[in-house]
Amino acid sequence: MRILVTAGPTREALDPVRYLTNRSSGKMGYAMADAFARAGHQVLLVSGPTSLEVPDGVDFLPIESADEMFGAVQRHIGRMDAAVFAAAVADYRPSVVADQKIKKTGETLTLELVRTPDILGSVRGDFGFTGTLVGFAAETENLLENARAKLARKGCDLVIANDVSKPGIGFDSDRNELLLVFPQHVEALPEDEKHHLAPRIVREIERLMAER
Ligand code: C5P
C-alpha cells in the first residue's frame, strides 16, 4: 500500500535568521514511517526539520513551513491508500516575514501571528481523500474528549492521542503512552519505546485499510 506520513515540527520564519517552532523531535512519525516500510509498504515521509536519519526504503520530502507541508500533502495525497499525520504543525506563523534581520530597538516587540492552514482538516473536504486517515492529538488536558472531537471534525478513522504534559513521554522523547481512539472504541497502549509502539499502530492501520 502507499502511505503518506507527516512528521516533525514546522518552522515559521520571522526574518532571515529567526523562526518560530515547537519541541517536536519527529521520532513518532519517523518510527511510523520505518514500521510501514518494514511491513512492505511504499512510504512518502513529508517532514519538517529534525535531527533524525531517514528510515531505509522511505521516500523523503523535506519541508520547512506549514504552508510548504500543506502544498506537499496536497500534491501527493491523491495517490495514497492511507495518510498518517504525525507532524506538529505550527498553528500560527508571523503575518509578515521581514526581509532584513529585525533590529533590537524598543524595550518590547509585538509579533502579529496569523493562522496556518489546517492540513489534516483539508484532507477529506478540499483534497477529496477517500483513503484511511489517521491523525495525532497531543494534548495537555481532556485527552479523550479532545481526541474524539478531532476524530469527528477531521473525518479520521483513527486519532492517536498522547498526553504531552506527562514527564518522560511524548514530545522530544523516545517513549510514549498512547490512546488509540476509533469511532466505536478506544484502546490504550501502555508506555513503551516509540519504535515498539509504531509496528502495533501499523497493524491497526492495516486492519482499517483492509476494512475499507
Ligand atoms: O494541532 P492539533 O492537535 O490540532 O493536531 C491534530 C492533528 O492535525 C495532527 O495529526 C497534526 O499533524 C494535524 N495538523 C495538521 N495541520 C495543522 C495542525 C495540525 O495537519 N495546521
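Here are some notes:
- Flag if ASP59 is outside any helix (DSSP H, G or I) and either within 14 Å of the ligand (Cβ to nearest atom) or of a type in the set (Asp, Glu) (or both): yes
- Hits in segment 129-164 - residues which are open to solvent by less than 10 Å² (accessible area, probe 1.4 Å), hydrophobic (A, V, I, L, M, F, W, C) and assigned to a strand (DSSP E or B): LEU133, VAL134, ALA137, LEU158, VAL159, ILE160, ALA161
- Residues located in segment 125-165, provided they are away from the ligand (no atom under 11 Å from the Cβ) and touching a helix residue (DSSP H, G or I) at 6+ places or on another chain (Cβ under 7 Å): PHE127, PHE129, THR132, ASP157, ASP163
- Boolean, VAL202 is of a type outside the set (Asp, Glu), open to solvent by less than 20 Å² (accessible area, probe 1.4 Å) and either farther than 19 Å from ALA33 by Cβ or touching a His at 6+ places or on another chain (Cβ under 9 Å) (or both): yes
- Contact map, segment 56-81: first residue farther than 10 Å from LEU44 by Cα, second residue among the basic types (Lys, Arg) and surrounded by 15 or more Cβ atoms within 10 Å (Cβ to Cβ), Cβ cut-off under 8 Å, separation 6 or more or different chains; pairs are GLU64/ARG11; SER65/ARG11; SER65/ARG93; ALA66/ARG93; ASP67/ARG93; ARG79/ARG2; ASP81/ARG2.
- Some residue of segment 76-96 being open to solvent by 90 Å² or more (accessible area, probe 1.4 Å) and either of a type in the set (A, V, I, L, M) or modelled with pLDDT under 95 (or both): yes
- Qualifying residue in segment 34-46 (condition: within 13 Å of the chain's Cα centre (by Cα) and not aliphatic (A, V, I, L, M)): no
- Of the residues in segment 99-116, at least one is over 26 Å from ARG203 (Cα atoms), within 12 Å of the ligand (Cβ to nearest atom) and part of a loop (DSSP other than H, G, I, E, B).
- Residues in segment 11-61 that are among the small types (Gly, Ala, Ser), closer than 18 Å to LEU197 by Cα and surrounded by fewer than 17 Cβ atoms within 10 Å (Cβ to Cβ): ALA39, GLY40.
The values are calculated or read from the model by the stated rules, or taken from the named source; none is laboratory data. Computed from a predicted model, the values in this text were never measured in an experiment. A quick note on method: Cβ atoms are made from the backbone with ideal geometry, for glycine too, and the neighbour counts reach across all protein chains shown. The area values use the complete protein model at the heavy-atom level, side chains included, leaving out ligands, DNA and RNA. Shrake-Rupley method; radii C 1.70, N 1.55, O 1.52, S 1.80 Å.
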